[in-house]
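Everything below concerns the one structure shown next.
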Amino acid sequence: MTQQHPLPTPSRPGQPGQMTAVMRAVAPVTGPKVLRIGLVQGGKVIEERVIKQRTHVTIGPSEKSMFVIPSKSIPPSFRLFELVGGEYFLNFLDGMTGRVAFKSGVSELSALKGSAKRAPAGNAQAYQIQLSEEARGKIVVGETTFLFQFVAPPPVQPKPQLPVSVRTGIASDIDWTTTIIAAFSFLFHFGAVGSIYSDWMDPVVDDEVDVAQLLESVKQLPPPPVIEQPKDNAEAPAATAAPAAEAPKAASGGGNKGAAAGPAKGSGGMSDARASALTNELAQLDMQMLGALNSSGNATSSVLSSGDVPTGLLENAAASGSGVGKGGVAGLNMGGAGGGTVRPGAAGGGGLASIGNTGTSGPATAGSAQTVKGPVGNAQVGGAAVSGGSVSNAPSVVAGMTAGFRRCYNKGLQEDPGMKGSVRITAKIGPNGEVMSATPSGGSGLSGTVISCVVARVQSAQFAPPEGGGATVVIPVTFVSQ
């Protein structure tokens, strides 16, 4: 520790020494003072310490003492200066000598024993006297002398810091405000682009409804414009009479040769024969589209076995009285040689051999007889009852399950042709629209295979997220053999 002033002992008794003169020269300071202690051995000051924090000052042979001295006459850690209630007290034992200068005068330790307070100090008894901030003196413990006085606390030294050139680095050169703004801008723009290309907002696709809408849009296509060819004045009556004579033949079922009747003279409209021919061509186009919408095999056999295509489309095609013909009416060339009406199962020409055949090669089977194994059933789905929350697309999702229910029933009819009945499926809808559980009830007359298949179809459905976090949908299904 830095030595501020030498602390020699006074040379002659009764005359102030050099240390006392220095202590008296110290200017008074306001505020609580701290102890300044000097340790003298062999007539030399070997240590000087300023107790910056007001606390107990201990001496003794113990290493935990503030001042370690080799003396067996005192306890291991004796409080020479004890802080009690913010004031310092001097504790001394028998065998210690010295003197203390108070504001009233200088007193020896032996003279202070009569007015001192007794205090226990381990196995011994100590004498305790209160010290003021003006008190100073010396205490002799064996061969060691302690000199003390109260001084103003030294100023707080600033914390050492490295030079600015050393403390600067890469982090200090970064403009953190611009960096944070650029990072948030990067996250915002890329997040917006990612949300645009995501498919979480796409609606649920209903295959059966989309197929029906596709066929209806094809039916509503406008007819091609009629190209009027110039005719000579001499041949005009003959050209007009010829289509009029052939129109009754086309209407009576005599066969379509591929030539449609022209519009009525002067009216600008379409004749009955031409309208009938166009209707026949559209019926052929419907059946070809039914074949193209299947993934494998011929259209007729695939529709009857799996039910992937709505049966209402086949019923509409079968109800057409004109059959399916070949020819090039209005530019709709259906292929095949020759003319005339072609019906399913009829021989001759291309017939229906190529309609619905989606494979690249193989024999044509649409015109041959097909054997249907067992009866065909139908599934009737009642109105879905929703409780516990609102599900916006519950009716459309339940209606889309009809084809799957019908397939489950047709598989069951292969085992029991006379099976029929009804079942109610109670589906618990989760917060994201998923089916948490599907529980069947009823099911009288139905096999376990059919009920398990229906439950599996309901569990694979996906609804819109219900309002309120959850909902219950009850689906009644009735199976009838056709």
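The values are calculated or read from the model by the stated rules, or taken from the named source; none is laboratory data. Remember, it's a predicted structure, so these values are computed and weren't measured experimentally. Cβ sites come from the backbone with ideal geometry, for glycine too, and all protein chains shown count toward neighbours. In case anyone asks, the SASA skips ligands and DNA or RNA and just uses the protein heavy atoms, side chains included. Shrake-Rupley method; radii C 1.70, N 1.55, O 1.52, S 1.80 Å.
Structure values in brief
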quantity: Calculated Rg and Dmax of segment 406-450 using C-alpha coordinates, Å; calculated: 13.1, 41
quantity: Paramagnetic label zone (point 7 Å from Cα along Cα-to-C-beta, Q380; backbone N under 12 Å) in segment 401-443; calculated: 421-422
quantity: FRET E, pair S107, K64, Förster distance 35 Å, beta-carbon r, rounded to 0.05; calculated: 0.65
quantity: Segment 128-144 - phi-based ³J(HN,Hα) in whole Hz, Karplus 6.51/-1.76/1.60, Gly and Pro as x; calculated: 10, 10, 7, 10, 9, 6, 8, 6, 7, x, 9, 10, 9, 10, x, 9, 10
quantity: Accessible area per residue in Å² at 1.4 Å probe, computed on segment 48-98; calculated: 51 Å²
quantity: Label-to-label distance, nm, for residues given as E434 and V193 (7 Å Cα→Cβ offset); calculated: 3.1 nm
quantity: Principal axes of segment 393-482: Cα extent on each, largest first, Å; calculated: 44, 20, 15
quantity: Estimated FRET transfer efficiency when R0 is 35 angstrom, pair D173-R54 (beta carbons, to 0.05); calculated: 0.15
quantity: Cut-off 13 Å, label 7 Å out along Cα→Cβ of Q482, residues of segment 393-411 by amide N; calculated: 403, 406-407, 410
quantity: Gained length - D272 relative to A124, 0.36 nm times residue gap less alpha-carbon distance; calculated: 39.5 nm
quantity: Pairwise FRET efficiency - D94 versus S115, Cβ, R0 = 25 Å, nearest 0.05; calculated: 0.95
quantity: Per-residue HN-Hα couplings for segment 56-61 [Karplus 6.51, -1.76, 1.60; θ = phi - 60°; Hz; x = Gly/Pro]; calculated: 5, 10, 10, 10, x, x
quantity: Paramagnetic reach from S460 (point 7 Å along Cα→Cβ, amide N under 12 Å) across segment 373-401; calculated: 401
quantity: Radius of gyration and maximum dimension Dmax of segment 439-478, Cα, Å; calculated: 12.3, 37
quantity: For S271, residues with placed amide H under 5 Å, excluding near neighbours; calculated: A264
quantity: Karplus 3J(HN,Hα) series, Hz, for segment 468-475 with 6.51 cos²θ - 1.76 cosθ + 1.60 (x for Gly, Pro); calculated: x, x, x, 7, 10, 10, 9, 10
